[in-house]
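The structure appears right after this line, and notes come after that.
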Amino acid sequence: MWLSLSEAGPTQITAAGRILSVTEMEGFHMVLTGQIGPEDAKLTLRRIPTENAGSAPDAEMLTVFLFDVSLSSPEPAPDPQEGDGRQAPSAAEGGGECERIEWRLVNRWNWGGGLSLNREPHCVSRKSTGD
């Protein structure tokens, strides 16, 4: 379990992944509830005006945000010792066959805006073509 008792209000995440956060910010109560897991999260954020909301354009508006996030499980990379019978994309570049492939970790942008760390094959030694 994780618990924060800041001046703005408490935030708690249970061992089962349940979230509860009640804070006050700029004249609004911010209530975050939901469930997070290793591959998905469902969260609801309620922005509720208080007496201190003042003359803000949305001072009398209750706003609710729903977040439904899921991450696909990454496909396991093939074992570099066994291979999968396909030639690595980087091995096909340069016109010669690849004699030795190393698997390197490479950051790639996800469509969701984050980065993922993938193992990719890279040719480090090419066979001589005998030309």
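To the nearest 10, the accessible area of Thr11 is 30 Å² with a 1.4 Å probe.
To put it simply, the accessible area of region 1-73 at a 1.4 Å probe is 59 percent carbon and sulfur. Taking all protein chains together and a 1.4 Å probe, the residues Trp103, Trp109, Trp2 rank Trp109, Trp2, Trp103 from largest to smallest accessible area.
Accessible surface ranking for Asp58, Asp68, 1.4 angstrom probe, highest first: Asp68, Asp58. Computed with a 1.4 Å probe over protein heavy atoms only, the accessible area of Arg47 comes to about 50 Å².
Shown is the FRET efficiency for Glu26 and Ser70, computed with R0 = 41 Å from the Cβ-Cβ distance and rounded to the nearest 0.05: 0.85.
The order of Ser116, Ser70 by accessible area, most exposed first and with a 1.4 Å probe, is Ser70, Ser116. Extending 7 Å from Cα along the Cβ direction at Lys127 and again at Gln35 yields two label points whose distance is 5.4 nm.
Heavy-atom accessible surface of Val124, to the nearest 10 Å², is about 50 Å², with a 1.4 Å probe and all protein chains retained.
The values are calculated or read from the model by the stated rules, or taken from the named source; none is laboratory data. Keep in mind that what you see is a predicted model, and the values were worked out from it rather than measured. As a convention, Cβ positions derive from the backbone with ideal geometry for all residues, glycine included, and neighbour counts pool all protein chains shown. The accessibility values were calculated without ligands, DNA or RNA, using every heavy atom of the protein model including side chains. Shrake-Rupley method; radii C 1.70, N 1.55, O 1.52, S 1.80 Å.
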